[in-house]
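The values are calculated or read from the model by the stated rules, or taken from the named source; none is laboratory data. Just so you know, these numbers come straight off a predicted model, no measurement behind them. Virtual Cβ from ideal backbone geometry, glycine too; neighbours counted across all protein chains shown.
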Amino acid sequence: MKNMRTMMRNISSVGCQKTLQWAAYGSILAAALVVLWNPPAASAQTLTTYDATATDTGTFPSAINLGGTVAGVYDDGAGQHGFLRAPDGTITTFDPGLAPTPFCTTGSTSIVPSGAINSAGAVVGDCNGVTSGTQVVFLRDPLGNFTEITPPENNVHDGMGVFPTINDSGEIAGSYTDVTAKVHGFVVTPPYGPGNYTNFDLPGETFGLEVVSINNSGQVAGYYYTSSSFSTAYGFLMVSPGMFTTIPAPGSDQILEVTSMNDNAEITGFSLLNYSSPFHGFTWQSGTTTPFDVAGETSTEAEGINFSGTIVGNAYDASAGEGFVRNAAGTITTFVAEPTASYTQPQGVNALGTIAGIWLDSAFMRHGFIETPAPAAAVPNLISLLSNPSLGLRAGEVVALSDILHLALVSINAGQNDLATLELNGFIVAVQVLQRLHQISALTASTLITGAQATIALL
């Protein structure tokens, strides 16, 4: 094990360096106690199924944040309503925009993209407006307060919704249809006033577009159609307003739909020749498209991607469907939510590797599931997260914080969960000190602390 002074030498602030050293020295001292302990071994990954309510007719999870909170909707037979599932299993249901000034119609909630909830727990979705023929975006903040977010000229037309997504800075992106039936993209930033909107159109787009993701660098991804029969579609990455990269379907496929993007601008989704042909998964980054399929299945649909490049989705044939996980090296594993499940569809995966999704029983009733990783798998993902450019960590800070997490990983692999908890709490203290010394932003600190706390909850 390297000396802690060496581990900290790249930290620029002397005060920060000393405090991080203290936290790391505490971890070393705790590690020395391993020989005296014999606690239980680290827990394995677990899969839990659930319903939003005891009486609903369908549960549709769609998004999961870093802390493990899931956002989605459920159907009660009269309409769709929103829900949040906390990591401890507590479920909160809601209808947006009903009070004090109504702006949504009860039972019309939609939460679709895998990026519809951010690390702080803010959720975005859309609903039918109280004015007939309109559709509006809503924001539910972490305290449960609702804000109406209405792009200019936003109207429902031919079923085209706005399907918003949100990043950790609170930037919201989506699409809307104007009164002439023209579809536009938009990005709106806090405090969400009229002057905070940026609208955009894609060159060559004439028959509709969908925005599906805005990452923590403010880059926007989605897809658009160039034919009235919806027989040709391209993906896109908008790195800044007016600067677009087009993503064509690979091989002989004519349609490419983007479903998710991470903070490395790595994009995933699916492609197909036409809507009667098999679907194929893909990942795209920096101009390179890599198609993939799940062996033994007719179609593969990728739905979510995390910072480490882990992709989740579903694969199916005419009789049944299973979920899959594709790691950054391209290795694919499959699973089902329940032995009796007729269909398993992961919708999103967070930075730690926790997966949220939908499964169908033999009667085709929809339920939710969440699969949490083993702690020994979550910690490497948290280490990887330190290199996320949106966090703004300097090289020395990444090295020092990584070393503390590596100590926790050693403890987990040795079955020393109590010791790993101590070391992860030491990581949290180190992050708090970096924030107090103004070395990192409050948003970065919150993200890292949330990740560490979620990892502790797995132990």
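Brief remarks on what is shown
- Within the stretch 234-271, the set of residues being more than 29 Å from GLY170 (Cα to Cα) and touching a strand residue (DSSP E or B) at 6+ places or on another chain (Cβ under 9 Å) comprises PRO248, ALA249, PRO250, GLY251, ASP253, GLN254, ILE255, SER271.
- The stretch 169-191, residues that are within 20 Å of SER240 (Cβ to Cβ), free of Cβ contacts under 8 Å to residues at least 60 places away in the same chain and not β-branched (Val, Ile, Thr): GLY170, GLU171, ALA173, GLY174, SER175, HIS184, GLY185, PHE186, PRO190
- Residue list for the stretch 43-66, restricted to those being out of contact with any Asp or Glu (no Cβ under 7 Å at 6 or more places or on another chain), in a strand (DSSP E or B) and not β-branched (Val, Ile, Thr): TYR50, PHE60, PRO61, SER62, ALA63
- When ILE449, ILE456 are checked against the criterion of being free of Cβ contacts under 8 Å to residues at least 40 places away in the same chain, at negative phi and in contact with a Ser or Thr (Cβ under 6 Å, 6 or more places away or on another chain), ILE456 stands alone in meeting it.
- Boolean, LEU448 is under 23 Å from VAL70 (Cβ atoms), buried (at least 18 other Cβ atoms within 10 Å of the Cβ) and touching a helix residue (DSSP H, G or I) at 6+ places or on another chain (Cβ under 7 Å): yes
- For the residues GLY67, GLY79, GLY72, GLY89, the requirement of being in contact with a strand residue (DSSP E or B) (Cβ under 8 Å, 6 or more places away or on another chain), buried (at least 21 other Cβ atoms within 10 Å of the Cβ) and modelled with pLDDT of 50 or more singles out GLY72.
- Residue match in the stretch 211-223 (condition: surrounded by 18 or more Cβ atoms within 10 Å (Cβ to Cβ) and either farther than 25 Å from SER308 by Cα or over 23 Å from the mean Cα position of the chain (by Cα) (or both)): no
- Among the residues of the stretch 309-336, those that are within 18 Å of the chain's Cα centre (by Cα), of a type in the set (Gly, Ala, Ser) and surrounded by 23 or more Cβ atoms within 10 Å (Cβ to Cβ) comprise GLY313, GLY323.
Let's see how each residue does on (1) outside the structural domain of ASP88 (by TED's automatic domain parsing); (2) hydroxyl-bearing (Ser, Thr, Tyr); (3) not in a loop (DSSP other than H, G, I, E, B):
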residue	(1), (2), (3)
GLY368	no, no, yes
SER387	yes, yes, no
ASP403	yes, no, yes
HIS406	yes, no, yes
ASP418	yes, no, yes
PHE427	yes, no, yes
ALA430	yes, no, yes
GLY451	yes, no, yes
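- Top-ranked residue of the stretch 337-362 - restricted to ones that are assigned to a loop (DSSP other than H, G, I, E, B) and in contact (Cβ under 8 Å) with a residue 24 or more places away in the chain, ranked as farthest from LEU382 (Cα to Cα): GLU338
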